[in-house]
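Heads up: the structure comes next, in structure tokens.
The values are calculated or read from the model by the stated rules, or taken from the named source; none is laboratory data. Just so it is clear, the structure is predicted and the values come from calculations on it, not from any experiment. Glycine gets a Cβ as well: all are built from the backbone with ideal geometry, and neighbour counts include every protein chain shown.
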Amino acid sequence: MAESNGRSDEQLVEAANRGDPRAFDALYQRHKAWAAQLSYRFTGNHDDAMDVMQEAFIYLLRKFPGFRLTAAFTTFLYPVIKNIALSRLRKTRRIVLDENIVLYAGEPPKESGAERSLADIVTTLPAIHREVLLMRFVDDMKLEDIAEALAVPLGTVKSRLHNALKALREDESTRSYFEELQ
Amino acid sequence: MTDHHDIRDADLEAPATLLADLRSLYGAPREVPAEVDDTIRRAVWRHFAATPRARIVRYLFPLAAAAAAAAILAILPLSRESIPGDIDGNGEVDILDAFALARRMEATEKIEGGWDMNADGLVDEVDVDLIAAVAVALW
């Protein structure tokens, strides 16, 4: 993904730093689908998700020129989207949220029984475990990138992911997934 | 709670079927409406058009950047466009043309009469906006 259109994210950031608006647009085009999906995960509402995504890219835009990409682009964008979404939810819904909460756990299950069970179990995981589980296996982020995005030690990420998987492994509804590993 | 030192890499792997179901549940691509794309593009253009050239140059060349940029601008001929709005003369009207016109206005460089897009006798921000609108429409 980071190498599409012939230029890496790093090269596009450099071009945008030189004042090329098309380079920023290419970054946006490359990452907007993921950003939209992540925004939806935090807000659970399409319109709110679009607003959050838009605000996140505008925030990023204001970093140019002079933006330094010191990690994967998604590693930088993740906490931006999360913070904007949580801040928005605090304002609009007038509720107090824990900084570490991933508020929206997923869409209501709608198809097979196995899928429904998985959604139910994931929803009941502690938010900090669920968040790491989704970052690792849905967003396909490396453990080191997750640690950076969440500003927590790598060991904490491993521990949270381990606990999330353990819960899935031990629940009778999702235990069958792990039989293929044995 | 398991200490992370006791966790093996194999303990952090997910079966392929679990991965597939998680992605199906939470990773479905979200369609971004065209109006959101347009809003972002306009913001991008406005931002880069409004970003002082010196700020960009200072980022690229910390030492004597402003002087170098001024020297380069002084020796480079201004390209004359053959297509209305084609400020940089590359044969197409794109967001960089609006960007270029804004820069030239900002630097109070020579303004060509042919850049008066709305033919009101002035080359101003309205003309920049018109070029940007054309560029966005073409994208």
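Structural remarks
- Scanning the stretch A:21-42 for residues that are of a type in the set (S, T, N, Q) and either over 12 Å from the mean Cα position of the chain (by Cα) or at the interface with chain B (Cβ under 7 Å from one of its Cβ atoms) (or both) returns A:Gln29, A:Gln37.
- Residue in the stretch A:155-167 that is at pLDDT 90 or above and exposed (fewer than 13 other Cβ atoms within 10 Å of the Cβ) present: no
- Hits in the stretch B:28-52 - residues which are at the interface with chain A (Cβ under 7 Å from one of its Cβ atoms), surrounded by 15 or more Cβ atoms within 10 Å (Cβ to Cβ) and of a type outside the set (Lys, Arg): B:Val32, B:Val36, B:Thr39, B:Ile40, B:Ala43, B:Val44, B:Trp45, B:His47, B:Phe48, B:Thr51
- Cβ separations smaller than 6 Å between residues 6+ apart or across chains give the following pairs from the stretch A:54-80 residues that are of a type in the set (D, E, K, R) to residues that are surrounded by 21 or more Cβ atoms within 10 Å (Cβ to Cβ): A:Glu55/A:Ile84.
- The requirement of being crowded, with 21+ Cβ neighbours inside 10 Å and facing chain B (nearest Cβ under 9 Å) is fulfilled somewhere in the stretch A:9-18, by at least one residue.
- Residue count, the stretch B:1-27 (criterion: part of a loop (DSSP other than H, G, I, E, B), within 7 Å of chain A (Cβ to nearest Cβ) and under 41 Å from the mean Cα position of the chain (by Cα)): 2
- Screening the stretch A:46-66 for residues that are facing chain B (nearest Cβ under 9 Å) and hydrophobic (A, V, I, L, M, F, W, C) and picking the one that is surrounded by the most Cβ atoms within 10 Å (Cβ to Cβ) gives A:Met53.
- Residues (farther than 21 Å from A:Trp34 by Cβ and of a type in the set (A, V, I, L, M, F, W, C)) located in the stretch A:129-163: A:Val152, A:Leu154
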